[in-house]
Structure formats: C-alpha cells, structure tokens
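Student: Following this message is one structure expressed as structure tokens.
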Amino acid sequence: MSSDEAATARDENVHRHVIPPSYTKIPGHPGNGRREWRSLCHAGSSFRQETDKTNRVVTSSRGRMLDVRIDKEGRMRSTASPPALPWTDGVRALACAAVIVWHVVLTVRSAAGLGSTAIVTALGGLAHSAVLVFIVLSGYLLGRHWRGGAILPQTWLFVRRRTWRLVPTYWAALLLTLGTMVALGLDHPGGTHWDVGLPVSWGRTVLNFLMLTDIAGIATFSHPMWTVPFEYHLYLLAPLIAVLRSRSAALALGGLLVLLIALSGPPEHMPPFLGLSFVLAFSTGLRRQGMERPSAGLVAREVLPTVLLGGALVLATGGVLQEGASRYLALDAVLTPVVVGLLLLGDLGPGTDPARRALASAPLRWIGHRSYSIYLLHGVVIEALWRFVVAPLPDPSIALDVLLLTILSAAMSGVLGELLFRTVEQPTARRSAQVGRRPRVPVGVA
C-alpha cells in the first residue's frame, strides 16, 4: 500500500489491511478468542471495511459493495449468491425436448389405439426422467441460493418470490389454453391422451386456477401442466428443510412424504417419489454452500444414503403401489442420486469440460431460458396440430406422423413460448427478483 493510500485510510477512519492467504480474525471486531473465517477475496487483495449498526455492510476500497456480513462471533459470512451455472439452461432445454417428444408419441399412440411397446416404455421412462431432472434441478438451485435469517420472514419472502416467478405465467398459459380449447373445440374429446383433462367445468376451472388439481386428484386441462401445482406445493417444504438442515432429517422427511402419498392412493399423474427427489436436492443445495472442491468421497457421502433410502422405499411400497408406479420409484431411487451427484460435480468442478461447454451453447441456453413458457404451452399446441394438421393428412405410417408432429410442435411451441416469455414470464421473473430488496447504498452515502 502506498503512503497516499495509507493516509487516505487513516483519514477515513476505517480498517484497511491485506487479507492473508490463510484464515484470520477481523481486526478491531469483538469476538470470543481466536476465530477464523475464510477469505472472501483473493489472497493478498486489499479491502476497506465499514459496518453499520448490524454489522451487515462492508465496502471495498473503491466503494463497491462486498456481499458479506459479520456475525456476532466476529466471523465474516458471505451473503452473495453463488456464481451462475449457465449450463443448467442446457439441461432444462434437453429435458423440455424429451417431454415434448413423449407427449407427441403419447398423442399419436392413443389416437391409433396402440398398446405399449418396448420403445414406448423407454420413451416414457425418458420423459419421466426429464420431469425428475426439472424437479431436482429446481430443488438444488433453490437450496444453493437459500439465505439464512429469521425463518418466518424468510419463508414469507420465499413464498412471495416463488409465487411471482411461477403463478402469473401459469395463469396466462391457462387462459391461452382455455381460449384455444373453446375456439377450436378442444374442449370436446378427440380420442387422444388430451381427454384426461376433460370435461371443462366451472369447478375444474377454479381448481386449475387455484393450483389445487394435485390435491383434488384431477388432471389439469392441459395434461403436462399438472407438474406446476405439484412443484409449487413442493416449494413450500423448502423452509422446513432449511430449519432441519441435517441430511438425516431431510432423508426422514423425504421418506415420510413418499410413504404418506403412496398409502393415500396417489393418482397416476402425481407420482409420490418426486417429493423425495425435491427434498434431497434442496438439502444438498443447502449443504453445497459449505463445500469447496468436489471429490469422490464427498459425492459418495451425498448420494449413497439416498440410494439406500430409495431401495428401502421400493421394498416398503412394493405391495401398495401399482406396478408402473413401483417401477418409476425404483428408477428414481437410482436416478435422483445420480443427477444430484452430477450437479455437484458440475457446480464445484474447476474449469469447463466439453459437456458443460456444450450445455452452455447459445441455442440450448435460449431454449432453456424459455423452457417454462414452452413447457406450459406445448400440450395444447400438440393437440391442436394433431387434430387440424397431422391427423387429416394421408396416413403413411405412425413413425412419420410422430416425426411431423414433433417438428411442427417444437417449432410452434418455441414461437408461442417466446411470446409468453417476453410478455409475462420475463417481466414477472424480474419482479420476483426484486421482492424484498432494498437499494444498496454504501455506508455514509445519503
């Protein structure tokens, strides 16, 4: 530090020092004995410390805000969000594509009156896995960005943000779906899987808009949209998981959730195992905040208990669940820890490997960023294109029907999803991010 800088520091009556590569005590701050805190800046960099009455504001030597706070024991804690993971948009894009392909196959197969085949079963498992990836990714990222504090204010803040993020776009998509159904006659059965959401009635409409279809045990008007109310209700578990903190408590909560839903006779469109996946993913995201480098031992400690619990739940529910649901639960007992382990490796791993670079490519990020809007609208798009474009054509083969409907549905869903994203999802996502925030002003600035 130069003499001019030292004089400036003395005049401003602030602590200015160099952070050593090791741990250190914050100078001038009360604490019990020797306390250690991890450097939040690069080793050897300098900073200027200023705190308000709550010891929450720290500014750098250039007046930039450092997202840290000092706890009552004199330790520095980060309040900054972890770095963004652009490759997760690519994961969402691929998951969304898998779901669209499956619903195209489901539409054509049900219209043709065909039974299940090995290929159809495999595609169904792939689509289910894609939905699970959505749930696990959401849970992990929410836990990764969770900030501590008084639980009731944090819960209220979390619910408000999640509501702004999900509900307005869901309502807009539901209005578009209902309008299309009435205008094109899709509110009448057409002989495809679409019919599970019928009939349209005032009571079902209220349940759809209040996001209570999962609790009522009915399908949403557009059958792919069933995941939104279910996921929204899973989010309400997040504050409880944050309070429990320990992995054992999270495992117990997830296992109990599976058993309760399984024993209550779950409808086919509300699989009981997704609750377990969310709980474990959110819990891992919370613990990730204290992790630095990935290792085989670290990942094993995270995923092995999940594998054991999943196996125990498969055995415990074997005589309760139907064969299909039991198979999916077995699939998820393996898939959930695998996805969580890969997320940890991708999150904490140094550099960028070819897989992460590919997932972070511009086309996949574009789709992934809009995947929520695309997902909400693709169901009604597929049904409309099937009834009025593909089904009336001469029928050369089911395979060609699937191929044509997939191409048209992906393109149309992308266009309409972009419109929904621009007009509703993007503005409300920004509103969600601003909930509870105050203008951040350095200390001493009026």
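The values are calculated or read from the model by the stated rules, or taken from the named source; none is laboratory data. Predicted, not measured: the structure shown is a model, and the values here were computed from it. Counting neighbours? That spans all protein chains shown, and the Cβs are built from the backbone with ideal geometry, glycine included.
Student: Under 9 Å between Cβ atoms, at least 6 apart or on separate chains: pull out the pairs that start in the range 145-166 with a residue that is closer than 15 Å to Arg437 by Cβ and end on any residue that is part of a helix (DSSP H, G or I) and among the β-branched types (Val, Ile, Thr).
Tutor: From residues that are closer than 15 Å to Arg437 by Cβ, the pairs are Trp164/Thr428; Arg165/Thr428.
Student: Going through Leu376, Leu400 one at a time, which residue ends up being touching a helix residue (DSSP H, G or I) at 6+ places or on another chain (Cβ under 6 Å) and of a type in the set (A, V, I, L, M)?
Tutor: Details: Leu400 fails: touching a helix residue (DSSP H, G or I) at 6+ places or on another chain (Cβ under 6 Å).
Exactly one of Leu376, Leu400 is touching a helix residue (DSSP H, G or I) at 6+ places or on another chain (Cβ under 6 Å) and of a type in the set (A, V, I, L, M), namely Leu376.
A quick yes/no check of all residues on (1) in contact (Cβ under 8 Å) with a residue 24 or more places away in the chain; (2) hydrophobic (A, V, I, L, M, F, W, C); (3) surrounded by 14 or more Cβ atoms within 10 Å (Cβ to Cβ); (4) in contact with a Pro (Cβ under 8 Å, 6 or more places away or on another chain):
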| position | (1), (2), (3), (4) |
| --- | --- |
| His233 | no, no, yes, no |
| Ala252 | no, yes, yes, no |
| Val258 | yes, yes, yes, yes |
| Ala262 | yes, yes, yes, yes |
| Ser283 | yes, no, yes, no |
| Ser295 | no, no, no, no |
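Student: Being assigned to a helix (DSSP H, G or I), closer than 21 Å to Phe134 by Cα and in contact (Cβ under 8 Å) with a residue 40 or more places away in the chain is the filter here; which residues of the range 235-250 pass it?
Tutor: Once the filter is applied, which keeps residues that are assigned to a helix (DSSP H, G or I), closer than 21 Å to Phe134 by Cα and in contact (Cβ under 8 Å) with a residue 40 or more places away in the chain, the range 235-250 yields Tyr235, Ala238, Pro239, Ile241, Ala242.
Student: I need the full set of residues from the range 106-144 which are β-branched (Val, Ile, Thr) and touching a residue at least 60 places away in the same chain (Cβ under 8 Å), in order please. Even if it seems obvious, please write down each step before you answer.
Tutor: Narrowing the range 106-144 to residues β-branched (Val, Ile, Thr): 107-108, 117, 119-121, 131, 133, 135-136.
Across the range 106-144, the qualifying residues are Thr107, Val108, Val131, Val133, Ile135, Val136.
Student: Residues to consider are Leu259, Leu321, Leu309; find the one that is out of contact with any Asp or Glu (no Cβ under 8 Å at 6 or more places or on another chain), farther than 19 Å from Gly143 by Cα, of a type in the set (A, V, I, L, M) and not in a helix (DSSP H, G or I). I'd like the intermediate steps shown before the answer.
Tutor: On the way: Leu259 fails: not in a helix (DSSP H, G or I); Leu309 fails: not in a helix (DSSP H, G or I).
The unique qualifying residue is Leu321.
Student: Pick from Thr177, Thr192, Thr213: which is surrounded by 19 or more Cβ atoms within 10 Å (Cβ to Cβ), free of Cβ contacts under 8 Å to residues at least 24 places away in the same chain and over 28 Å from Pro83 (Cβ atoms)?
Tutor: On the way: Thr177 fails: free of Cβ contacts under 8 Å to residues at least 24 places away in the same chain; Thr192 fails: free of Cβ contacts under 8 Å to residues at least 24 places away in the same chain.
Result: Thr213 is the single residue among Thr177, Thr192, Thr213 that is surrounded by 19 or more Cβ atoms within 10 Å (Cβ to Cβ), free of Cβ contacts under 8 Å to residues at least 24 places away in the same chain and over 28 Å from Pro83 (Cβ atoms).
Student: Could you list, in sequence order, the residues of the range 177-191 that are more than 17 Å from Trp226 (Cβ to Cβ) and part of a helix (DSSP H, G or I)?
Tutor: Of everything in the range 177-191, those that are more than 17 Å from Trp226 (Cβ to Cβ) and part of a helix (DSSP H, G or I) turn out to be Gly179, Thr180, Val182, Ala183, Leu184.
Student: Can you spot a residue in the range 314-329 that is buried (at least 19 other Cβ atoms within 10 Å of the Cβ), over 30 Å from Val182 (Cβ atoms) and modelled with pLDDT of 85 or more?
Tutor: Within the range 314-329, none of the residues are buried (at least 19 other Cβ atoms within 10 Å of the Cβ), over 30 Å from Val182 (Cβ atoms) and modelled with pLDDT of 85 or more.
Student: Among the residues of the range 238-267, which ones are at pLDDT 85 or above and under 18 Å from Val340 (Cα atoms)?
Tutor: Ala238, Ile241, Ala242, Ser248, Ala249, Ala250, Leu251, Ala252, Leu253, Gly254, Gly255
Student: Of a type in the set (Asp, Glu), at pLDDT below 95 and in contact with an Asp or Glu (Cβ under 8 Å, 6 or more places away or on another chain): does that describe Asp395? Give the derivation first.
Tutor: Details: of a type in the set (Asp, Glu): yes; at pLDDT below 95: yes; in contact with an Asp or Glu (Cβ under 8 Å, 6 or more places away or on another chain): yes.
When the stated conditions are applied, Asp395 passes them.
Student: Same structure again: Determine if the range 433-442 includes at least one residue that is buried (at least 18 other Cβ atoms within 10 Å of the Cβ), part of a helix (DSSP H, G or I) and not hydrophobic (A, V, I, L, M, F, W, C).
Tutor: Of the residues in the range 433-442, the ones buried (at least 18 other Cβ atoms within 10 Å of the Cβ) are none.
No.
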